[in-house]
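Here the structure is laid out as structure tokens; the discussion comes afterwards.
The values are calculated or read from the model by the stated rules, or taken from the named source; none is laboratory data. Everything numeric in this text was worked out from a predicted model, so none of it was measured. Here Cβ is always computed from backbone atoms with ideal geometry, including for glycine, and neighbour counts include all displayed protein chains. Calculation scope for accessible area: heavy atoms of the full protein, side chains included, ligands and nucleic acids excluded. Shrake-Rupley method; radii C 1.70, N 1.55, O 1.52, S 1.80 Å.
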Amino acid sequence: EAEQAVAALVAPNAPRTRINDNPAFTVLGSLFEPSAGRYQSALESWVKQRPNSALAWLIYSRWLHTWAWEARGTKFVQSIPGEASKVYQERLALAVTALAQAEALDKNGLLPRYLRLSFAPELGNSPKEQRAMFDAADKLQPHSWAIHSDYLQGLAPKWGGESEEYLF
């Protein structure tokens, strides 16, 4: 039942909460916070039971990303202890692997593209690569607040971007 409920949120005809925006972005944006670890066994079971469900892999990827940040914390990268940084990188790699599975199962889906764009700064994608990701997602959901916001976040100087890149 949970899969059907979330699938209804991401459907192309789902009601919009912001100008031309899909409410699934809000769901994915706040999913599993705080204490991400409490959902681990349920999500792992879900992807094992439904290995061909792009939605299961997508939500698992988002959870892994939250779990990675739980290990990392919110301090500047220079202030993160070595072990926390190592755990963060390991968990982030798992999130990317799960996202790749979702992308393979939903080649034209908006949410895998959105999540890839939101991960881009952490993965070291260049501004040019991020722009290509943005264009692909924006083509599917023009004028999406979430897509524009994540794209601009990735261009921030703290992620290696330049102020001039904000002008697009």
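Annotations
- Ordered by solvent-accessible area of protein heavy atoms (1.4 Å probe), largest first, the residues Arg72, Arg113 come out as Arg113, Arg72.
- Ser41/Lys75 FRET efficiency (R0 25 Å; Cβ-Cβ; nearest 0.05): 0.30
- Within straight-line cross-link reach of Lys86, lysines at Cα separation under 28 Å, skipping those fewer than 8 residues along the same chain: Lys48, Lys75, Lys128, Lys158
- Partners for Lys107 among lysines (Cα-Cα distance below 20 Å; same-chain residues under 8 apart left out): Lys139
- Förster radius 45 Å - calculated FRET efficiency between Trp159 and Gln49 (Cβ-Cβ, nearest 0.05): 0.80
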